[in-house]
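Input: a single structure, listed below in structure tokens.
The values are calculated or read from the model by the stated rules, or taken from the named source; none is laboratory data. Computed from a predicted structure; not experimentally measured. A quick note on method: Cβ atoms are made from the backbone with ideal geometry, for glycine too, and the neighbour counts reach across all protein chains shown.
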Amino acid sequence: MSIKVKIWGCRGSIACPGPKHLKYGGNTTSLEIMVNGETFILDCGTGIRGLGQKILSENHQKKFTVLLTHTHWDHINGFPFFAPAFNKEYQFDIMAGHLSDCGGVKKIFELQMTDPTFPVPLAAMQAQITFRDFRAGDQLNISRKLSTKITTAALNHPNGATGYRFDSEGSSICIITDTEHIPSKPDDNILSLIEGADLVFYDSTYTEDEFPSKIGWGHSTWEEGMKLCKMAGVKQLGIFHHDPDHDDDFMDIIDAEAAKKWSGCMVAREGMELTV
């Protein structure tokens, strides 16, 4: 059984619509992951608005699990515009792995939709929404299918973040964003999570030249992602979480440079659909 993924947003930090960001997209992180007839939503950046429109137009699946890497704005601020959440026919189970000790994920979603920063409260959403917290590093027993396995790992990011791995009948995909590497010290948490995976989306916000001035900001480089993937025997790296200052021309250069270094690299683009 294959795993399918569609990218609804792969930008980091802030959405950047405009003519210079058409090829790779300007929406922030949101992924649709389809495994064994189940759909998992990974992050609620601005890209989730388009996913919500698709869900309503198809009108067949009513229950979804939403998994959050973390709750910085660029990964949650699309949720107030996620139309299915206002429809009582739908159910959403929203989960995060970094908030158990600071009030839980529901508190963050409530605060985001509180006056005077947003006029519509979370309580106005008519869908059946539940919130659950776990600890990064847990295996999640949330799938209805025994053949689907979801594993998590803690990432190195301010306020915490969680990486995810989906396995199903020999296919595997990982999402590793947001995380900062330590030069010359491979992250064992990440190596363990991605070992032998078919596809890994990795936080590639900066280039190696940019990284030294961004230490402490919580992000990594495509060069580090490539290094980790090679060490772990990963088949393909998806360069992901693009900096808003990296326009299409800049991303084309990264795409060409990465392809020269390893044929297993590709740059994620909004609207891209992949099957592993």
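The table below lists the values:
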| quantity | calculated |
| --- | --- |
| Matching entry among Gly103, Gly137 (being more than 23 Å from Leu51 (Cα to Cα) and out of contact with any strand residue (DSSP E or B) (no Cβ under 6 Å at 6 or more places or on another chain)) | Gly103 |
| Qualifying residue in the stretch 56-67 (condition: of a type in the set (Ser, Thr, Tyr) and out of contact with any Ser or Thr (no Cβ under 7 Å at 6 or more places or on another chain)) | yes |
| Pair list, Cβ under 7 Å, 6 or more apart: the stretch 133-152 residue touching a residue at least 12 places away in the same chain (Cβ under 8 Å), other residue β-branched (Val, Ile, Thr) and not in a strand (DSSP E or B) | Asp133/Val105; Ile150/Ile142 |
| Count of the stretch 34-82 residues which are of a type in the set (Ser, Thr, Tyr) and on the phi > 0 side of the Ramachandran plot | 0 |
| Qualifying residues in the stretch 198-231 (those that are of a type in the set (Phe, Trp, Tyr) and under 20 Å from the mean Cα position of the chain (by Cα)) - the one farthest from Leu31 (Cα to Cα) | Trp217 |
| Residue ID - farthest from the chain's Cα centre (by Cα), chosen from residues in the stretch 147-189 that are among the hydrophobic types (A, V, I, L, M, F, W, C) and over 19 Å from Val276 (Cα atoms) | Ile182 |
| Per-region count, the stretch 137-180, residues modelled with pLDDT of 95 or more, assigned to a loop (DSSP other than H, G, I, E, B), at negative phi and of a type outside the set (Val, Ile, Thr) | 6 |
| Any hit, the stretch 197-207, residues being farther than 21 Å from Ile14 by Cβ and surrounded by fewer than 21 Cβ atoms within 10 Å (Cβ to Cβ) | yes |
| The stretch 243-254: number of residues that are farther than 16 Å from Cys16 by Cα and under 20 Å from the mean Cα position of the chain (by Cα) | 0 |
| Odd one out for Asp247, checked against (1) out of contact with any strand residue (DSSP E or B) (no Cβ under 8 Å at 6 or more places or on another chain); (2) free of Cβ contacts under 8 Å to residues at least 40 places away in the same chain | (2) |
